[in-house]
């Protein structure tokens, strides 16, 4: 019998939590999965940064629809236009932080769970704790490398498509 170390239990619990997040995110869309395009929202108060990252992610193929927003408030308007599956947001923005945006998105009346990622210049432990409490999948540290984000998003897309019926 294999011994399970406490760290292995944490890793397994985290993997199970990720799988549940993907399942919950897909539940409202299962009936229309034949032509599923995953909608990804990129939010940054520097519009050029948001647009650059959105263009990089859109190169992942025709199964993604990527839009960008220049503020948290604009992002909230974008999600009213339909289901958003993944949000990638900067942490430090005027008016509303990335974590506050993620929290608001989780309160969305349709109850659709969004897979979220945070971009931050900070490496503060409390940021990681707050992000984990909001089920943020990963915190990317600046400077952001679009290749790294595309790699992570590709894995999430694979998870989403594996979960489809």
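The table that follows gives values for the structure above.
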item: Prolate/oblate/rounded call for region 50-165, Cα gyration tensor, a/c under 1.5 rounded; result: rounded
item: Mean separation of Cα contacts under 8 Å, 6 or more apart, over the residue count of region 53-104: relative contact order %; result: 27 percent
item: Burial ordering of 117, 52, fewest other beta-carbon atoms within 10 Å first; result: 52, 117
item: For 97, 89, 84, order by how many other beta-carbon atoms lie within 10 Å, fewest first; result: 97, 84, 89
item: Ordering of 38-49, 151-162 by burial proxy (mean other Cβ atoms within 10 Å per residue, highest first); result: 38-49, 151-162
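Coordinate-derived values only; no laboratory data. Because the structure is a prediction, the values reported are computed rather than measured. Neighbour counts run over all protein chains shown; Cβ positions are idealised from the backbone, glycine included.
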